[in-house]
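Below is one structure, written out as structure tokens; comments come after it.
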Amino acid sequence: MTYFPASDRYDNAAFRRVGRSGLKLPAISLGLWHNFGDTTPIETQRSILFKAFDLGITHFDLANNYGPPAGSAEINFGSILKEDLAGHRDELIISTKAGWDMWPGPYGRGGGSRKALLSSLDQSLKRLGVDYVDIFYSHRFDADTPLDETASALASAVEQGKALYVGISSYSGNKTREIATLLAERGVPLLINQPSYNLFNRWIEKDLLKATDEVGAGVIAFTPLAQGLLTDKYLNGIPDDARVNRPGGGFLRPDHLREENIERARALNDIAARRGQSLAQLALAWVLRDPRVTSALIGASSARQVEENVAALNNLSFTTEELVEIDRYAVEGGVNLWEKPSHDQAV
């Protein structure tokens, strides 16, 4: 069946400018980390993507290793793009990344070397079936590679016409400043940083938001729902269909679901109810409360989840009293799996 996007898809869509660039991203973007590999039926993937686009989500975020298995998310998205969305390519922001393990041998183990980044980008373009991506990221800081080499590779991606913009993910404030300077020396601005950020993982508030503001880059927060912990899914125990029990779900660990985290999630759920929101909607609205955050990057296993998450945009304002109360429960929950690279450490 031919897909025809909703004619009113932009009528109520919310967009935010990315730092000091001319680019705008939707306030909520769709990430293809978990639910677009070969373990998810392609028709389910289609329904999620179509619903997202119908609701004004124009940004689809991938990486070379998304699946499972690694690479399959790019292949599946590329197939849907070719068959159903090709006529809308100029309405879309497609991003991908390189930096974590991908193929055998020293060059496929990620990092920030020129060889690893540019070889991976070429592979991603083939899997996606496109000539360029809109944003290409260094997926993590690599303490074993000179930052100048990583910056040079990112700049080359733009110079070669394989990426329109470049970004970084899981970089500290200081490394964000450093690579922004190195890129600027090559005439390529740093567009955006993609850090993990949510109510139980607030590390970016210490310095990273200040750093991105200084260099004129945007911020797109991944795991704003703490991989489901900040939804109603785990408030009453671990259901059988939980991500922690599914292939590729190992990034949500049993210790993340310890009782103190669940108790705080329940308290936040009570605040959300008083606001007329679900816990997930509160968590997304909270991440977007800071104007320096360009977009919140959601995952979804169904079209219904996309609809629920986008509805968070209906109430983004918080009273001072609400923020004070939220701060009582929005404390470190031990859920930051990307702490090492985001704190300049080797992985």
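Structure data summary
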{"read-out": "The chain: antiparallel DSSP beta bridges as a percent of all, rounded to 5", "value": "15 percent"}
{"read-out": "Dipole in debye (nearest 20) - the chain, about Cα centre, beta carbon charges: Lys, Arg +1; Asp, Glu -1", "value": "240 debye"}
{"read-out": "For region 62-145, radius of gyration divided by Kirkwood radius, i.e. Rg to Rh on alpha-carbons", "value": "0.99"}
{"read-out": "Trypsin sites (Lys or Arg not before Pro) lying in DSSP loop within region 1-96, provided at most 12 other Cβ fall within 10 Å", "value": "Arg20"}
{"read-out": "Amide H partners (placed H, <5 Å) of Val133, local residues excluded", "value": "Ala163, Leu164"}
{"read-out": "Region 164-178 - phi-based ³J(HN,Hα) in whole Hz, Karplus 6.51/-1.76/1.60, Gly and Pro as x", "value": "7, 9, 10, x, 9, 9, 6, 10, 6, x, 5, 5, 5, 4, 5"}
{"read-out": "R0 of 45 Å, Cβ-Cβ distance Asp270-Glu185: FRET efficiency to nearest 0.05", "value": "0.35"}
{"read-out": "Prolate/oblate/rounded label for region 8-80 (Cα gyration tensor, a/c 1.5)", "value": "oblate"}
{"read-out": "Over the chain, relative contact order from alpha-carbon pairs under 8 Å, at least 6 apart, %", "value": "19 percent"}
{"read-out": "Calculated FRET efficiency for the pair Arg258/Glu91, C-beta based, R₀ 30 Å, to 0.05", "value": "0.10"}
{"read-out": "Region 152-227-region 10-68 distance, computed between alpha-carbon centres (Å)", "value": "19 Å"}
{"read-out": "Apportionment of accessible area to carbon and sulfur, the chain, percent (1.4 Å)", "value": "49 percent"}
{"read-out": "Accessible surface, per residue, of the chain when the full set of protein chains is kept, probe 1.4 Å, Å²", "value": "41 Å²"}
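The values are calculated or read from the model by the stated rules, or taken from the named source; none is laboratory data. Note that the structure is predicted; figures quoted are calculated from it, not measured. Don't worry about glycine lacking a Cβ; one is built from the backbone with ideal geometry, like all the others, and counts go over all protein chains shown. Side chains are part of the model used for accessible areas, which takes the heavy atoms of the whole protein and leaves out ligands, DNA and RNA. Shrake-Rupley method; radii C 1.70, N 1.55, O 1.52, S 1.80 Å.
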